[in-house]
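The values are calculated or read from the model by the stated rules, or taken from the named source; none is laboratory data. Note that the coordinates shown come from a computational prediction; the quantities given were computed from them, not determined experimentally. In this analysis, Cβ positions are derived from the backbone assuming ideal geometry, glycine residues included, and neighbour counts consider all displayed protein chains.
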Amino acid sequence: MDRYSVLDESARILQDKLLSDAGLSLHPSIADAAKKISFTGDDPKPFIPSPCKMTESASALSALVAASASAIAADRYGCGFQDIQVNTDLATLFLESVMLPTVKGQSFMGHDHLMSEVQKGDLFDMGKPIHRQASNVYKTKDGRFYHLHGSMNAGPTMKMMGVEEQDVTTEQAIDIYAEKVVQHDAQDLERRANDEFKQAGVTCLTPEEFFESEQGKIMSAEALWTKREIPAPKSQWPAVTPSDKAALKPLAGIRVIDFSRVIAAPVISKLLAVLGAEVIKVTNERLPDISLLWVDLSTGKRDTNIDLKTAEGKKQFTSLVEGADVLIDGYRPGALARLGFDGPALRSINDRLVYVRENCYGFKGPLANRSGWQQISDCLVGIAWLQGRFLGLDEPVVPLLPNSDYQVGLVGAAAVLDALLQRTKSGVTYDIDVSLTQYNIWYYRLGQYNEIQSKEILARNEGFKVRHFDEMMSLLGKMYAAIQKVRPDLFKHPEYFWKMSGKEWGMNEDIHILAPAFKFEKSRLEYTVPSGSRGRSKPVWDTSKSRL
C-alpha cells in the first residue's frame, strides 16, 4: 500500500509552491499565519479518478486563503494569528459545490418553484440537447480532437457547423455534431470559431504541444497570478460595527463589485463574502448566464441589474465604483474598457480600487483576447489528454469536475486578500490578473500521481467510465454518483452543509449549501445574504455600516 497522504501533500504544496514562491510577493505575515494551519480529513487517500492533484491543490489554495484572512484579522483587530483547520474532504466537494444545494434533503434541481425561478435566467435554453452538445469534444478530419463550444447561446456555433434547430435526444445531438466536426481539420475549425464567429473553441493539445506553442511559452513564464503596483493614497481598514468587530470578520466593511458570470470570478466574490465582505453582483437581465449556478454561487451577494450601455447604467456603476474596495471583472478581455471603464478610468473614479481581471487564456500572448471557458483552458494546456490517458483512453477527456474554474476562484481570493493587506502598508493599490491557463500550468507542474497511486485510485473507482463526448453536465452527474459510491461518508456530516433562507427565491423552505473548507479558531464565517433571483437588489451600498 502506497503511503501517500493528501494531507501531507497539501501541506507541502502550501509551503513549497505557494508561500515560498517569490513571484507571488506575498505579505510576510501570511506565511506566519500559515504556521497555525492543520489539514484534516477522514480519508488520507485521493479518491477522484484523475491523474492530477485536485484535492491537494484545492486544499493548499484554501489554506492560503485562510492564512491570508487570518493575517488580515490579526492586523485589524490585534487578535493574533488563529488556529486554522482546512478539511481536505470539504476542499474536494468544493469543486462540485454547484451540484450540492438541497431543499428538505433533496437536490435543489427537483424543487419545482426554485427551478422555475432559475430558468428565467436561461435566455437561450441551454439544456436543450442540440444546444448543450454544441459544447463538447469531437474528432476532426485530421485525426485531432477539437473542443467545440456554444457558450451561453449555441446559435453562432450551430450556424458555423451547419446544424439546424431541432428536437433530438442527447445521443442524437452528439452524433449530429460528430458528423459535422469530422468534416473539418482542427486548425480550420479553431480559426473560424475564434476569428470569424467570435466563439470559443480550441484544439486539444498535449502538455508537450502546449508548452512548445507561443501561448504556452509566454504564459509558462507567468506566476500563478500577476499583480501590478499602482501608486495610490495609503488605505486604512474601514470602521466596522460592534458585532462584526466582535466576530473578528477579516473583511468586515470591505466592499466588492462582482462584474462576472459563470463560475471562476463569482467564486472569488463568494469567498470574500464568507469572510465578511459586502458584495454586489452587477448583472444585466438581457445577457445570458448559466442560471443553474446562481443557487450556490450567488450566496453572500446582493444582485443588481445595470445596463452599462445606457447613461443611467454608467451613472449607477460609477457610483458603485466610488464606494468599492475591489472590482472583479470576469468578462471577455476589453469588454469593460469598451464600455468606458478601463483601468485608468476606474482609478479616476476611485484611486484606491483593487482591480481584478479573470479570463481563460491569460492576459499575454497571441490568444489573450479570445473568448474562453474552463474546458477550453483544460484542453489547451493538455490536462484533458492527461485525464483521458489516465482512464486508459487514447483520447482527451475534460477533467471530471470544473476544477480550474473553482481553483481560480481560490487563487483570485488569495490574491485579493494579499492586495488588501498590502495597500494598508504603503501608498499603493493593485491590478491583479488571474486566468484559467495560469492555474492549469501551475497545476500541471505540481506533478501527477505515480503508477502505484494511480492504480489505487482507479481500483477505488472500479466501473467508472467516461468518454471524450461526455460534456461538463454529464461529467458532473457521473462524478456526483461516483463520489457517493466511493465516499458515502462525505454526505453524512451535517456540519459540512450550511442552512440559508430561500426567501430571495420566493420560497418558504431553507436551502442547504456546502460550507467552506476552512474554519478559524476565533473569526466567524457566515453568509449574511442568501442567494436569490437576478436583479433583485438596488445598485447602492449598505449605508447602515460606518466606514472611514
How many residues are modelled with pLDDT of 95 or more, in a loop (DSSP other than H, G, I, E, B) and within 23 Å of the chain's Cα centre (by Cα) if we restrict to the range 313-365? 10
Expected single match for of a type outside the set (Ser, Thr, Tyr) and within 23 Å of Gly23 (Cα to Cα) among Pro238, Pro233, Pro207 is Pro207
Would you pick out the residues in the range 229-273 that are touching a Leu at 6+ places or on another chain (Cβ under 8 Å), in a loop (DSSP other than H, G, I, E, B) and closer than 24 Å to Asn284 by Cβ? Arg261, Val262, Ile263
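Condition check ((1) charged (D, E, K, R); (2) within 24 Å of the chain's Cα centre (by Cα)) across all residues:
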| residue | (1), (2) |
| --- | --- |
| Arg460 | yes, no |
| Gly463 | no, no |
| Phe491 | no, yes |
| Met500 | no, yes |
| Glu509 | yes, no |
| Ile513 | no, yes |
| Leu525 | no, yes |
Across (1) under 24 Å from the mean Cα position of the chain (by Cα); (2) more than 21 Å from Asn136 (Cα to Cα); (3) among the aliphatic types (A, V, I, L, M), Leu380 clears everything bar (2)
Counted residues, the range 1-28 - those being surrounded by 19 or more Cβ atoms within 10 Å (Cβ to Cβ) and of a type in the set (Ser, Thr, Tyr): 1
Could you tell me which numbered condition Phe81 fails, if it satisfies all but one of (1) assigned to a helix (DSSP H, G or I); (2) over 19 Å from Ile254 (Cα atoms)? (1)
At pLDDT below 95 and either buried (at least 18 other Cβ atoms within 10 Å of the Cβ) or charged (D, E, K, R) (or both) - does that describe any residue in the range 421-441? no
Contacts under 8 angstrom Cβ, first residue in the range 8-20 being closer than 15 Å to Lys45 by Cα, partner of a type in the set (Val, Ile, Thr) and modelled with pLDDT of 95 or more, 6 or more apart: Ser10/Thr55; Ser10/Val86; Ser10/Thr88; Ala11/Ile37
Can you tell me how many residues in the range 395-417 are more than 16 Å from the chain's Cα centre (by Cα), of a type outside the set (A, V, I, L, M, F, W, C) and surrounded by 24 or more Cβ atoms within 10 Å (Cβ to Cβ)? 1
Considering only the range 7-21, state which residues are closer than 17 Å to Tyr444 by Cα and in contact with a strand residue (DSSP E or B) (Cβ under 8 Å, 6 or more places away or on another chain). Ser10, Leu14
Checking the structure you have, find out if any residue of the range 91-113 is crowded, with 20+ Cβ neighbours inside 10 Å, within 27 Å of the chain's Cα centre (by Cα), farther than 30 Å from Ile13 by Cβ and not β-branched (Val, Ile, Thr). yes
Which pairs do you get when a residue that is farther than 19 Å from Lys139 by Cα, found in the range 389-406, comes within reach of a residue that is surrounded by 24 or more Cβ atoms within 10 Å (Cβ to Cβ) and acidic (Asp, Glu), reach meaning Cβ atoms under 7 angstrom, with the pair 6+ apart or on two chains? Ser404/Asp378
Let me confirm something: among Glu179, Glu190, which residue is over 30 Å from Gly535 (Cα atoms), out of contact with any His (no Cβ under 8 Å at 6 or more places or on another chain) and free of Cβ contacts under 8 Å to residues at least 40 places away in the same chain? Glu179
Name every residue in the range 103-112 that is of a type in the set (Gly, Ala, Ser) and outside any helix (DSSP H, G or I), in order of residue number. Gly105, Ser107
When only residues in the range 366-394 that are of a type in the set (Phe, Trp, Tyr) and in a helix (DSSP H, G or I) count, which is surrounded by the fewest Cβ atoms within 10 Å (Cβ to Cβ)? Phe390
Note on Ser50: of the conditions (1) assigned to a loop (DSSP other than H, G, I, E, B); (2) closer than 21 Å to Asn450 by Cα; (3) in contact with a Ser or Thr (Cβ under 6 Å, 6 or more places away or on another chain), unmet is (3)
Criterion (surrounded by fewer than 18 Cβ atoms within 10 Å (Cβ to Cβ) and among the β-branched types (Val, Ile, Thr)) met by exactly one of Thr310, Thr283: Thr310
Going by what's in this entry, would Arg255 be described as surrounded by fewer than 18 Cβ atoms within 10 Å (Cβ to Cβ), basic (Lys, Arg) and more than 26 Å from Asp125 (Cα to Cα)? no
Selection within the range 105-134 - in contact with a helix residue (DSSP H, G or I) (Cβ under 6 Å, 6 or more places away or on another chain) and touching a residue at least 60 places away in the same chain (Cβ under 8 Å): Phe108, Leu114, Glu117, Val118, Gly121, Asp122, Gln133
State which residue is nearest to Phe497 (Cα to Cα) when the search covers only the range 275-322 and only residues that are in contact (Cβ under 8 Å) with a residue 12 or more places away in the chain and of a type in the set (Ser, Thr, Tyr). Thr299
